[in-house]
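What follows is one structure encoded as structure tokens, with my remarks underneath.
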Amino acid sequence: MTVGADARPGSGPAGGAARTWHRFHYAVGVFVIAYGVAALASAAALWGDRVDEVEGYFGSGPATGILVFAKAVEVLLVLAAVAGVVLRRDLLLVPPMAGWMAGFAMFAVLDVFTGRWGGLVEHLAYLAAFVVLLFLSYGLSAKVQLAGAPKGPAPDGSPRGPGGLTWTQEFALQAINRAAALTGPRARPAKRD
């Protein structure tokens with residue numbers, strides 16, 4: 001079993017629900033919360049600049065309303081991430097990550113239409129970071145699910161592979177294992193005298 005993973009059936013607030021929380025989900029959740037709080041704080045501190053930025057995309061009429069709506073959605077995304085960490089539910093971390101991915105994808109498209117190439121690079125970088133974060137969370141959940149799964153082959157006709165994982169879960173788990181092997185402890189070279 002993975003150290004720090006809680007894969008015991010029936011553990012946690014939901015009783016008999018399968019657990020997929022890994023200890024590294026805390027890091028994912030804290031990052032998402034910190035990002036959301038920082039985005040809200042910067043919007044509050046630089047409100048005029050944000051309104052000007054939104055006006056560049058949508059015009060001066062609806063800019064303030066769009067910005068207020070976007071920040072209200074961000075508050076909900078932060079609350080979902082907080083609930084995910086407090087309740088230790090990885091599924092509650094998905095809406096915030098997917099929400100920010102959708103927002104960055106939308107701004108990337110708007111950047112193309114308005115010719116803001118610097119903004120496009122920035123929004124695509126943030127989009128890629130949240131895609132990686134979502135993929136990492138998915139792989140961590142698969143790792144915990146595999147640790148708690150009964151050993152042996154899947155039943156005949158089942159779309160799931162060994163350990164009860166789908167092929168996407170297996171792919172995510174293999175990617176995490178490869179990344180861990182690349183960044184794992186390395187042998188130190190011998191000192192020369």
*How many residues does the range 123-145 hold that are surrounded by fewer than 19 Cβ atoms within 10 Å (Cβ to Cβ) and at pLDDT below 90?*
1
*Can you find even one residue in the range 109-122 that is of a type in the set (D, E, K, R), outside any helix (DSSP H, G or I), at pLDDT below 80 and open to solvent by 60 Å² or more (accessible area, probe 1.4 Å)?*
no
*asked:* With out of contact with any Leu (no Cβ under 7 Å at 6 or more places or on another chain), open to solvent by 70 Å² or more (accessible area, probe 1.4 Å) and among the aliphatic types (A, V, I, L, M) as the only criterion, which of Ala39, Ala45, Ala34, Ala27 stands out?
replied: Ala45
*Within the range 15-54, which residues are of a type in the set (Asp, Glu) and assigned to a loop (DSSP other than H, G, I, E, B)?*
none
*Of the numbered conditions (1) free of Cβ contacts under 8 Å to residues at least 12 places away in the same chain; (2) over 17 Å from Ala80 (Cβ atoms); (3) within 18 Å of the chain's Cα centre (by Cα), Arg23 fails exactly one; give the number of that condition.*
(1)
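The values are calculated or read from the model by the stated rules, or taken from the named source; none is laboratory data. Just so it is clear, the model here is predicted, and its values are computed rather than measured. Cβ: placed from backbone, ideal geometry, glycine included. Neighbour counts: every protein chain shown. What goes into the accessible areas is simple: the full protein's heavy atoms, side chains included, and nothing from ligands, DNA or RNA. Shrake-Rupley method; radii C 1.70, N 1.55, O 1.52, S 1.80 Å.
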